[in-house]
1. PHE19: free of Cβ contacts under 8 Å to residues at least 24 places away in the same chain and part of a helix (DSSP H, G or I), yes or no?
2. Would you confirm whether any residue within the stretch 130-152 is in a loop (DSSP other than H, G, I, E, B), of a type in the set (A, V, I, L, M, F, W, C) and at pLDDT 80 or above?
3. Scan (1) of a type outside the set (Ser, Thr, Tyr); (2) more than 15 Å from SER144 (Cβ to Cβ); (3) touching an Asp or Glu at 6+ places or on another chain (Cβ under 9 Å); (4) assigned to a strand (DSSP E or B) for the single condition PHE118 breaks and write down its number.
4. Is it the case that some residue within the stretch 98-106 is touching a strand residue (DSSP E or B) at 6+ places or on another chain (Cβ under 9 Å), of a type in the set (Val, Ile, Thr) and either modelled with pLDDT under 90 or surrounded by 13 or more Cβ atoms within 10 Å (Cβ to Cβ) (or both)?
5. Of the numbered conditions (1) at pLDDT 90 or above; (2) more than 17 Å from ASN137 (Cα to Cα), THR47 satisfies every one except a single condition; which is it?
6. Where the second residue is among the polar types (S, T, N, Q) and buried (at least 16 other Cβ atoms within 10 Å of the Cβ) and the first is without any contact (Cβ under 8 Å) to a residue 24 or more places away in the chain and lies in the stretch 72-99, which pairs have Cβ atoms under 7 Å and are six or more apart or on separate chains?
7. On the basis of being surrounded by 11 or more Cβ atoms within 10 Å (Cβ to Cβ) and on the phi > 0 side of the Ramachandran plot, does GLY55 make the cut?
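The values are calculated or read from the model by the stated rules, or taken from the named source; none is laboratory data. These numbers come from a predicted model, not from an experiment. Cβ: placed from backbone, ideal geometry, glycine included. Neighbour counts: every protein chain shown.
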Amino acid sequence: MTLLEANQPPPSKTPRYVFLGVVVLLAIVLFVWRTVRYKAEEKTVDTFFTALAAGNMQQAYQLWKAMPSYSFQDFQQDWGPNGYYGPVKSFEVESATAPRKSDTDVAVTVLISPYQPFPKNDPVQRNKTKEITIWVNRKTQSLSTGPPPMSLLIRATPPPALPWSALRFPA
């Protein structure tokens, strides 16, 4: 037996198991963080729509925490049985996200339906379901419908471009 053929112990598998354990632990922490980080805002929206579905408009208005210029009559015109979003008989909180440049607001997407229970498989009832986005202020938990989506604010088709020669040599 020579020096190069000496019996060496097999390499330890401990570093491999430690690395794998750290990766699995980070994946679990990331999963829990992504599912729990907006629970307070989702709960606020859930409480608001539960009050609306129960017909308790006064409690829903208090949860809305409206500005003084937004009266209870305005709220009823928006959320009441004959309002723009109403009647709300059932709802489903779909998702919650925070815009990239906002530290204070969370956008919660909600499906609202005029039918009780929430329609899952009936296409006729499902067609009456509306998807809306409720903005929740993280500090005050106040609600608003927020700005319109950017797709409505940006022109769909650009204006026709002038040929380059028309720009350089006006007629």
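1. Values: free of Cβ contacts under 8 Å to residues at least 24 places away in the same chain: yes; part of a helix (DSSP H, G or I): yes.
In short, yes.
2. Initially, the stretch 130-152 is screened for residues in a loop (DSSP other than H, G, I, E, B), giving 138-142, 145-149.
If we keep only those that are of a type in the set (A, V, I, L, M, F, W, C) as well, we get none.
No, the stretch 130-152 contains no residue that is in a loop (DSSP other than H, G, I, E, B), of a type in the set (A, V, I, L, M, F, W, C) and at pLDDT 80 or above.
3. Condition (4) is where PHE118 drops out.
4. Yes, that holds for at least one residue.
5. (2)
6. GLY83/GLN76
7. On the way: surrounded by 11 or more Cβ atoms within 10 Å (Cβ to Cβ): yes; on the phi > 0 side of the Ramachandran plot: yes.
The answer is yes for GLY55.
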